[in-house]
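Could you have a look at this structure, given as structure tokens, before my questions?
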Amino acid sequence: MHSNLAETMLKQESGNLAEFEYDINQMYSVDSMNLEDLGPLGTFNSQGNLVVLSPPDVSEETLDIAYAMPSMPNIEDMMPVSPRGPPARTPFPGGLNFAVEINAADTNRKKYLYSHQLNRIYVDIKTNFPVQFRWDFERAGSPMFVRATTVFSDDAQSEKRVERCLQHTHESANAGVDPTIVQNVLHSSAAPGTQGVYYCGAACLPDSWYSVLLRFDGRPQESYSHAYQFVCKNSCSSGINRRSIDIIFTLEDHT
């Protein structure tokens, strides 16, 4: 399934489809109509293969047989994986009419300034700015996810992932924090470990893009809102290093 995609260009100045996949074990099942072919009793071994057993003196007409199923993780409890490579950049509302907005009326001029006409936000480092998401909730499944991926605006830099600078990476506050959270220049305003907030990306894989993924399970409503913050400046000598950046928001489901 192609993701629904919306793009918002967010530029830091005063200081600052993608699909995810699950490896799901194949589920094995036995149709009750085939029991006569399998024998009076069967089970599955650790490799998931059916092993037919035939104990003596058992009548298959009277035996209620329960076939063991290999355990399969609950798909809603599985951690999302990180997309490989940069996300698509073309705005695409998709069949659910996905839309992303920042309310300019909420602008705090001392901390951040949003221009609706330019579709840009000018924001200080570690300053929360709220983003609103809307889609056709009645037509969507549950849960749904919104992924925020930071990319360089310039096409010439588009194949390079955005990483946090060395100075802010080695802050004392980052001791013991998951490296994926530390390296991501965009953070949720919620504390690390908050339910429904996931940080994605693998430092050892250069094509594993850093992103923040939110899970939404609530009832249909007018919109959802979540606050983000940047933990690096575009003036940092490494990391962003004075290059303009965008955030691409992607609406996703389990597939």
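If you check Arg147 against the conditions, is it at pLDDT below 90 and not acidic (Asp, Glu)? So that I can check it myself, show each step before the final result.
Details: at pLDDT below 90: no; not acidic (Asp, Glu): yes.
No, not satisfied.
Mind telling me which of the residues Gln167, Gln157 ends up being in contact with a Cys (Cβ under 7 Å, 6 or more places away or on another chain), over 22 Å from Ala190 (Cα atoms) and of a type outside the set (A, V, I, L, M, F, W, C)? First the steps, then the outcome.
Working: Gln157 fails: in contact with a Cys (Cβ under 7 Å, 6 or more places away or on another chain).
Testing whether each residue is in contact with a Cys (Cβ under 7 Å, 6 or more places away or on another chain), over 22 Å from Ala190 (Cα atoms) and of a type outside the set (A, V, I, L, M, F, W, C) leaves just Gln167.
Sticking with this one: Kindly list the number of the only condition in (1) more than 24 Å from Arg134 (Cα to Cα); (2) of a type in the set (A, V, I, L, M); (3) in contact with a Lys or Arg (Cβ under 8 Å, 6 or more places away or on another chain) that fails for Ala173.
The single condition Ala173 does not satisfy is (3).
Follow-up. If you go through region 228-251 one residue at a time, do you hit one that is under 30 Å from Ala140 (Cα atoms) and modelled with pLDDT under 90?
no
Here's another thing I want to ask about it. I'm trying to understand the selection: among the residues of region 130-144, which are at pLDDT 90 or above and among the small types (Gly, Ala, Ser)?
Selection gives nothing.
What do you reckon, is Tyr198 of a type outside the set (Lys, Arg), surrounded by 12 or more Cβ atoms within 10 Å (Cβ to Cβ) and touching an Asp or Glu at 6+ places or on another chain (Cβ under 8 Å)?
Values: of a type outside the set (Lys, Arg): yes; surrounded by 12 or more Cβ atoms within 10 Å (Cβ to Cβ): yes; touching an Asp or Glu at 6+ places or on another chain (Cβ under 8 Å): no.
Judged against the criteria, Tyr198 is not a match.
Out of all the residues in region 200-214, which are within 13 Å of the chain's Cα centre (by Cα), within 13 Å of Pro179 (Cα to Cα) and assigned to a loop (DSSP other than H, G, I, E, B)?
Within region 200-214, Gly201, Tyr210 meet the criteria.
Then there is this: Tell me the strands (runs of 3 or more DSSP E) entirely within region 89-149 that contain at least 2 residues that are closer than 18 Å to Thr250 by Cα. Show your work before the answer.
Working: elements: 99-101, 112-115, 120-123, 129-134.
Answer list for region 89-149: 99-101, 129-134.
Residue under question is Val177, and the condition is that it be hydrophobic (A, V, I, L, M, F, W, C) and modelled with pLDDT of 95 or more; does it hold? Quick ask: steps written out before the conclusion?
Numbers: hydrophobic (A, V, I, L, M, F, W, C): yes; modelled with pLDDT of 95 or more: no.
It is false that Val177 is hydrophobic (A, V, I, L, M, F, W, C) and modelled with pLDDT of 95 or more.
Further question on the same structure: Mind listing just one residue for me: the one in region 217-252 that is of a type in the set (Asp, Glu) and surrounded by 19 or more Cβ atoms within 10 Å (Cβ to Cβ) and, of those, nearest to Asp155 (Cα to Cα)? Show your work before the answer.
If we filter region 217-252 for residues that are of a type in the set (Asp, Glu), which is where we start, we get 217, 222, 246, 252.
From what's left, surrounded by 19 or more Cβ atoms within 10 Å (Cβ to Cβ): 246, 252.
Details: Asp246: 11, Glu252: 25 Å.
Selected residue: Asp246.
Now for a different question. When you scan region 230-239, do you find a residue that is among the aromatic types (Phe, Trp, Tyr), closer than 15 Å to Ile125 by Cα and not in a loop (DSSP other than H, G, I, E, B), even just one? I'd like the intermediate steps shown before the answer.
From region 230-239, those among the aromatic types (Phe, Trp, Tyr) are 230; that's our starting set.
In the following step, the residues that additionally are closer than 15 Å to Ile125 by Cα were identified as 230.
Now narrow it down to the ones that are not in a loop (DSSP other than H, G, I, E, B): 230.
Within region 230-239, one or more residues are among the aromatic types (Phe, Trp, Tyr), closer than 15 Å to Ile125 by Cα and not in a loop (DSSP other than H, G, I, E, B).
Now a separate question. Got a number for residues in region 159-176 being touching a Pro at 6+ places or on another chain (Cβ under 9 Å) and surrounded by fewer than 14 Cβ atoms within 10 Å (Cβ to Cβ)?
Residues meeting the conditions: 2.
The values are calculated or read from the model by the stated rules, or taken from the named source; none is laboratory data. Treat the numbers as computed from the prediction; the structure is a model and nothing was measured. Positions of Cβ are backbone-derived with ideal geometry, glycine not excepted, and every protein chain shown enters the neighbour counts.
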